[in-house]
Amino acid sequence: MIRAALVLGMMLTGAATAGPIGDADRGAALFQRQCSACHQIGPEAINRVGPRLTGLFGRRAGSVEGFDYSKSMARMGSDGLVWTMQTLDAYIENPKVLVSATRMRFRGLQDEQARSDLIAFLREWSDRPRDIPEAEPTARRSTPQLSPEVLAIRGDPEFGAYLSSECSTCHQRDGSDQGIPSITHWPPEDFVLAMHAYRQKLRPHPVMQMMAGRLTEEEIAALAAYYAGID
Amino acid sequence: MTGPVLRVTRRTFIGTTAAALAAPAVFGQTKPRVVVIGGGPGGATCARYLAKDSGGALDVTLVEPNARYTTCFFSNLYLGGFRDFDSLVHGYDGLAAAGVTIAATTAEGVDRDTRRVTLGSGDVLEYDRLVISPGIDFRDGSVPGWSLANAEVMPHAWKAGPQTKLLKSMVESMRQGGTFCMVAPPNPYRCPPGPYERVSMIAHLLTQTNPTARILILDPKDKYSKQALFEEGWQTHYPGMIEWLGPDMGGGAVEVRPATMEVVIDGEAEKVDVCNVIPAQIAGRIAEIAGLCDETGWVPVDPLSMASRVDAGVFVVGDASAQGDMPKSAFSANSQAKVAAMKIRGELTGSRVFPAKYTNTCWSLIAPKDGVKVGASYEPTPEKIASVESFISQPGEPAELRRATYEESLGWYQGITADIFG
Ligand SMILES: Cc1cc2nc3c(=O)[nH]c(=O)nc-3n(C[C@H](O)[C@H](O)[C@H](O)COP(=O)(O)OP(=O)(O)OC[C@H]3O[C@@H](n4cnc5c(N)ncnc54)[C@H](O)[C@@H]3O)c2cc1C
């Protein structure tokens with residue numbers, strides 16, 4: 001839970017101070033070091049371990065022809081997740097914020113400047129980079145700061161069990177996941193991250209945006225504790 | 001965006017729990033008894049949660065005459081040929097396994113003074129708390145010319161079962177180029193988008209087997225749930241097939257003549273081939289017998305608990321309740337039942353009581369893989385269960401999203417039936 005608190009803290013601090021677009025040259029070097037083992041970008045790029053990243057901006061998540069995505073990424077795509085400055089920033093900072101069971105094995109890039117640089121580079125290979133708006137400080141939703149203390153709340157599983165009756169109308173306790181993902185035995189940290197991403201409307205699903213939007217910090221923690229420990 | 005949120009703190013938990021403990025409702029050697037009337041989404045959910053969460057501390061009896069329950073939800077998909085009938089049918093073994101006693105009979109009388117329910121079998125059940133979830137009945141005379149006695153000729157199919165099968169066979173054997181007519185109900189009624197989903201499914205069926213057929217909807221409402229989405233879908237998938245007449249076009253004041261298969265619109269008789277009459281609705285009759293209904297025919301309840309406004313020992317959930325903004329749906333009934341179960345356990349066993357929360361989402365299928373949804377979350381206020389936030393699918397959404405919405409509805413059906421029946 002502590003790690004979730006730190007990561008989220010950073011995510012939200014970042015949101016308050018998003019600066020201008022980064023340096024694409026520095027981004028290119030970063031891409032070379034951190035991404036190119038799995039991803040290609042450019043006119044000739046093909047899918048390898050990861051999908052080709054040419055034309056990434058404005059593309060629906062999980063939509064590159066011929067690439068075999070994780071179920072989680074495909075679901076986000078059909079829910080309507082589109083790669084923009086804002087969603088890419090969140091994904092690169094911590095992939096699980098947006099896609100819980102992504103196959104991209106990448107720990108995340110915490111340094112905000114580095115993310116801006118990388119995004120500036122990725123953007124050069126998108127269709128009409130000039131038309132893609134710069135990241136203004138107002139381009140993201142301003143979210144109330146969540147202190148690590150609030151996020152480190154120990155969830156009350158008994159309260160979570162009651163609250164879960166709202167979830168179990170759709171998400172089956174036995175972990176079946178036809179059409180609706182399983183949330184049973186979800187690691188609490190991922191649970192908390194995902195709920196906050198819905199609250200901020202980074203994740204696109206309207207039912208979940210509404211459900212998460214009305215949960216308090218304490219309720220999210222309670223649910224996470226309950227679902228992690230379900231029999 | 002967050003609506004006004006009921007802040008839950010540890011302090012309020014202790015407060016409510018202590019209050020419940022200070023005044024336990026029942027003492028004695030026997031376990032507190034809860035009788036639940038009606039084994040639909042409201043009653044079965046409530047009975048199962050009461051038994052399962054009290055770990056044997058309560059004696060829970062479900063009174064339901066039918067050995068198996070057929071869901072109205074997804075019965076339109078059966079009409080459209082997307083599901084077989086058996087997939088709609090559920091038994092009560094899961095409830096029995098959770099410790100619920102099943103009384104396979106009807107409740108005929110409720111004496112709230114002595115806290116007794118009289119059964120069709122002649123037995124009498126005593127209760128400490130009573131839950132009533134009888135669903136709906138039809139308001140006599142709401143469609144001139146029609147009564148329940150005509151349901152074999154002009155089916156309602158608004159309670160799933162033989163009526164649903166009858167309606168489907170009538171549509172299948174309709175003459176080529178014939179007219180299917182629906183008399184739609186006035187508000188409030190069970191499942192607001194239901195009539196229009198039904199029309200979509202019948203249009204889908206007819207498009208394949210009887211493409212020159214026509215569908216006529218006679219509607220006393222000037223607007224209806226998900227209207228823009230249905231209209232767009234009908235235009236796309238079934239152009240020229242569906243005609244909707246609202247009250248300004250005579251759709252409001254119709255009379256039907258089952259003997260001649262006619263509907264009378266604005267004084268003009270028109271011959272139709274299949275006629276689906278969905279009358280105005282009221283709470284299931286046992287609620288009236290129990291003296292719980294107001295002049296509207298529904299049961300006013302306390303939004304904080306789902307207890308009747310006139311008797312705090314009787315909880316009424318599901319379609320029969322008049323609670324405010326929630327639509328009459330299986331999702332709502334399931335959500336309300338869990339709140340009632342928690343409150344009842346708190347009162348009878350001193351278990352922790354948390355603030356009530358309610359939600360609803362209704363999915364509808366317009367055509368193959370073209371699903372839409374509408375939903376909201378709710379909070380209790382002293383006056384009513386009030387909608388605090390809502391969403392609805394948008395016209396013109398990509399096919400991919402509509403497909404995902406449809407698949408989600410399949411997941412929902414599995415999820416909610418497991419939650420209701422175990
Ligand atoms: C065509 C159609 C489509 C629908 N689609 C959806 C949908 O997609 N999603 C959704 O959420 N909802 C849907 N609904 C609505 C949903 O079916 C109802 O809201 C839901 O069934 C209400 O549950 P309930 O427990 O209040 O009543 P019911 O389901 O009607 O259950 C009442 C039960 O009580 C029993 N009973 C009645 N009187 C007595 C008595 N005196 N003694 C003993 N038992 C008694 C009955 O036998 C019945 O089993 C749809 C409805 C229709 C008609």
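Key figures for this structure:
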{"read-out": "Subset of segment B:233-254 (residues that are under 23 Å from B:Arg403 (Cα atoms) and either of a type in the set (Phe, Trp, Tyr) or surrounded by fewer than 13 Cβ atoms within 10 Å (Cβ to Cβ) (or both))", "value": "B:Trp234, B:Gln235, B:Thr236, B:Tyr238, B:Pro239"}
{"read-out": "Failed condition for B:Met170, given (1) among the aliphatic types (A, V, I, L, M); (2) assigned to a loop (DSSP other than H, G, I, E, B); (3) within 16 Å of the ligand (Cβ to nearest atom); (4) in contact with a Pro (Cβ under 9 Å, 6 or more places away or on another chain)", "value": "(2)"}
{"read-out": "Criterion: more than 8 Å from chain A (Cβ to nearest Cβ), touching a Lys or Arg at 6+ places or on another chain (Cβ under 6 Å) and in a helix (DSSP H, G or I) - qualifying residue of B:Thr417, B:Thr405", "value": "B:Thr405"}
{"read-out": "Search result, residues across segment B:56-66 that are out of contact with any Pro (no Cβ under 6 Å at 6 or more places or on another chain), at negative phi and away from the ligand (no atom under 12 Å from the Cβ)", "value": "B:Ala57, B:Asp59, B:Val60"}
{"read-out": "Subset of segment A:66-124 [free of Cβ contacts under 8 Å to residues at least 40 places away in the same chain, hydroxyl-bearing (Ser, Thr, Tyr) and within 14 Å of chain B (Cβ to nearest Cβ)]", "value": "A:Tyr69, A:Ser78"}
{"read-out": "Residue in segment B:95-113 that is assigned to a helix (DSSP H, G or I), away from the ligand (no atom under 12 Å from the Cβ), in the same structural domain as B:Lys338 (by TED's automatic domain parsing) and closer than 23 Å to B:Leu365 by Cβ present", "value": "no"}
{"read-out": "Residue, surrounded by the fewest Cβ atoms within 10 Å (Cβ to Cβ), within segment A:133-157, restricted to residues that are within 14 Å of chain B (Cβ to nearest Cβ) and at pLDDT below 90", "value": "A:Pro144"}
{"read-out": "Matching residues, segment B:326-342, being within 22 Å of B:Gln281 (Cβ to Cβ) and either more than 11 Å from chain A (Cβ to nearest Cβ) or in contact with a Phe, Trp or Tyr (Cβ under 9 Å, 6 or more places away or on another chain) (or both)", "value": "B:Met326, B:Pro327, B:Lys328, B:Ser329, B:Ala330, B:Phe331, B:Ser332, B:Ser335, B:Gln336, B:Ala337, B:Ala340"}
{"read-out": "Among residues of segment B:44-55, those that are in a loop (DSSP other than H, G, I, E, B) and either within 11 Å of the ligand (Cβ to nearest atom) or modelled with pLDDT of 95 or more (or both), counted", "value": "0"}
{"read-out": "Scope segment B:114-123; condition within 14 Å of the ligand (Cβ to nearest atom) and of a type in the set (Ser, Thr, Tyr); matching residues", "value": "B:Thr118, B:Ser121"}
{"read-out": "Within segment A:93-103, considering residues that are assigned to a loop (DSSP other than H, G, I, E, B) and within 12 Å of the chain's Cα centre (by Cα), the one surrounded by the most Cβ atoms within 10 Å (Cβ to Cβ)", "value": "A:Val99"}
{"read-out": "Hits in segment B:367-396 - residues which are crowded, with 17+ Cβ neighbours inside 10 Å and out of contact with any strand residue (DSSP E or B) (no Cβ under 8 Å at 6 or more places or on another chain)", "value": "B:Ala367, B:Asp370"}
{"read-out": "Candidates B:Glu152, B:Glu126, filtered to the one that is more than 16 Å from the ligand (Cβ to nearest atom), surrounded by fewer than 17 Cβ atoms within 10 Å (Cβ to Cβ) and farther than 27 Å from B:Ala333 by Cα", "value": "B:Glu152"}
{"read-out": "Entirely in segment B:252-329, the strands (runs of 3 or more DSSP E) that have 1 or more residues that are more than 17 Å from the chain's Cα centre (by Cα), more than 15 Å from the ligand (Cβ to nearest atom) and touching a residue at least 40 places away in the same chain (Cβ under 8 Å)", "value": "B:254-257, B:262-265, B:268-271, B:274-277"}
{"read-out": "Of all residues making up segment B:56-81, the number that are assigned to a helix (DSSP H, G or I) and among the hydrophobic types (A, V, I, L, M, F, W, C)", "value": "2"}
{"read-out": "Segment B:369-389: number of residues that are closer than 30 Å to B:Ser87 by Cβ and within 8 Å of chain A (Cβ to nearest Cβ)", "value": "4"}
{"read-out": "Matching option when the condition is among the small types (Gly, Ala, Ser) and within 14 Å of chain B (Cβ to nearest Cβ), among A:Ala28, A:Ala24, A:Ala61", "value": "A:Ala61"}
{"read-out": "Residue in segment B:343-361 that is more than 9 Å from chain A (Cβ to nearest Cβ), among the basic types (Lys, Arg), surrounded by fewer than 23 Cβ atoms within 10 Å (Cβ to Cβ) and not in a helix (DSSP H, G or I) present", "value": "no"}
{"read-out": "Within segment B:67-86, tally of residues that are within 14 Å of the ligand (Cβ to nearest atom) and free of Cβ contacts under 8 Å to residues at least 40 places away in the same chain", "value": "3"}
{"read-out": "Residue check for B:Ser364: outside any helix (DSSP H, G or I), over 29 Å from B:Leu50 (Cβ atoms) and facing another protein chain (nearest Cβ under 10 Å)", "value": "no"}
{"read-out": "Checklist (1) surrounded by 23 or more Cβ atoms within 10 Å (Cβ to Cβ); (2) within 13 Å of the ligand (Cβ to nearest atom) applied to B:Val339, failing item", "value": "(2)"}
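For every residue, the table says whether it meets (1) touching a residue at least 60 places away in the same chain (Cβ under 8 Å); (2) away from the ligand (no atom under 15 Å from the Cβ); (3) closer than 25 Å to B:Gly81 by Cα; (4) part of a loop (DSSP other than H, G, I, E, B).
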residue	(1), (2), (3), (4)
B:Gln176	no, yes, yes, yes
B:Pro188	yes, no, no, yes
B:Pro192	yes, no, yes, yes
B:Val199	no, no, yes, no
B:Leu229	yes, no, yes, no
B:Trp244	no, yes, yes, no
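The values are calculated or read from the model by the stated rules, or taken from the named source; none is laboratory data. The model shown is predicted, which means the values in this text are computed figures rather than measured ones. Backbone-built Cβ (ideal geometry, glycine too); neighbour counts: all protein chains shown.
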